[in-house]
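A quick write-up on the structure given underneath.
The values are calculated or read from the model by the stated rules, or taken from the named source; none is laboratory data. What you are looking at is a predicted structure, and each value in this text was computed from that prediction instead of being measured. Neighbour counts are summed over all protein chains in view; Cβ atoms, including those assigned to glycine, are modelled from backbone coordinates with ideal geometry.
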Amino acid sequence: MKRITAMFIALITVAVLLAGCGSEVSGGFSAAKDSADLAFQTEAPVYPENGYGWYDEMPAPDVEDEEAVDAEYDYNAGAAPSVTAPKETARKIIKNGSLSIETLEFDVFIRELEKCVADFGGYVENSSQYGSATYSSRSASYTVRVPYEKYDEFVSNVGELGTVTSSDHSIDDVTLQYVDIEARLKALETERDSFMDLMSKAETVDEILQIQSYLTDVNYEIESYTSQLNTLKNLVSYSTVNISVSEVQRVTPAEPKTVWERISSNLSNNLYNIGVGFTDLFVAIISSLPYLLILAIIVIIIVVIVLICVKSSRKKQKKMMDEMAKAYQQNGPTEGNK
């Protein structure tokens with residue numbers, strides 16, 4: 001009996017000891033797990049030095065305030081980012097225009113046009129002139145660049161130098177394109193700086209060559225976007241005006257409105273065209289007198305030669321007829337008597 005009691009007490013002791021050990025191990029594992037979770041939540045993840053991880057977003061480039069496009073995210077509503085339009089003062093506008101002008105004084109118009117361009121701080125990009133002053137049919141075309149803010153005033157002043165027969169104006173808003181190129185440039189410059197930092201840390205020739213290849217591609221893209229940005233800046237800063245000028249003897253009248261005005265205008269135009277036609281004919285005849293004189297001399301010479309030939313032929317024919325008549329008179333009766 002004593003032996004059974006002793007074994008029972010021993011079993012109870014072993015059970016108590018095993019329960020204490022299990023509780024200690026379970027508590028230790030839970031504590032370790034909680035410590036690991038806390039470390040994972042508090043410690044910042046380590047990203048690769050040479051770029052952005054697949055789980056990391058590339059930071060948005062900084063844009064100047066006056067040219068920035070604001071992006072806001074509603075975290076409470078969970079909506080996607082919304083991009084608002086640029087401010088009115090930051091808009092990039094390209095203005096283009098064309099004018100067709102008639103003038104009675106071609107030389108004066110050209111001088112005044114070039115002076116007007118200089119006064120407004122612009123420049124002539126290209127120009128060309130055609131025709132001759134002899135027949136008052138000269139024409140010219142100019143491509144002028146003027147500061148954007150002076151475009152309207154310049155066009156108004158040029159229109160006063162002659163008679164505008166047609167005009168066309170257009171604007172092109174390139175704000176989004178402008179801001180997009182700037183953002184791409186800054187992102188590429190940031191990427192280039194990262195590659196340059198990696199270059200300083202490279203240890204092998206293969207690493208250096210690989211980084212140089214990446215740098216070459218990035219620099220090429222930077223140069224391309226820089227060229228595009230400079231082109232946009234030039235087009236935005238200086239507006240383009242194409243001017244076509246024609247020298248005329250009579251300025252095109254305004255379009256008539258009533259029936260009688262149209263009749264009067266058409267009659268006036270027809271009489272003017274008839275007068276111009278006779279004038280041109282008279283001028284052509286007078287200016288062609290040397291050629292006409294030479295032609296007249298040639299015709300006279302030909303007529304004289306023909307008359308001489310005809311006269312000579314008539315003389316020969318008359319002489320022949322006379323000889324035949326004389327022979328008839330001499331021989332004719334003798335033969336008859338026989």
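Brief remarks follow.
- Scope the range 160-206; condition among the charged types (D, E, K, R) and over 30 Å from ILE101 (Cα atoms); matching residues: ASP180, GLU182, ARG184, LYS186, GLU189, GLU191, ARG192, ASP193, ASP197, LYS201, GLU203, ASP206
- Qualifying residue in the range 153-164 (condition: assigned to a helix (DSSP H, G or I) and touching a His at 6+ places or on another chain (Cβ under 9 Å)): yes
- Residue in the range 266-276 that is outside any helix (DSSP H, G or I), within 30 Å of SER132 (Cα to Cα), of a type in the set (Gly, Ala, Ser) and not assigned by TED's automatic domain parsing to the domain that holds ILE110 present: no
- Each residue in the range 111-135 was checked for being under 20 Å from ASP152 (Cα atoms) and surrounded by 14 or more Cβ atoms within 10 Å (Cβ to Cβ), and 8 of them qualify.
- Residue satisfying condition, being among the hydroxyl-bearing types (Ser, Thr, Tyr), in contact (Cβ under 8 Å) with a residue 12 or more places away in the chain, in contact with a strand residue (DSSP E or B) (Cβ under 6 Å, 6 or more places away or on another chain) and surrounded by 12 or more Cβ atoms within 10 Å (Cβ to Cβ), within set SER139, SER166, SER194: SER139
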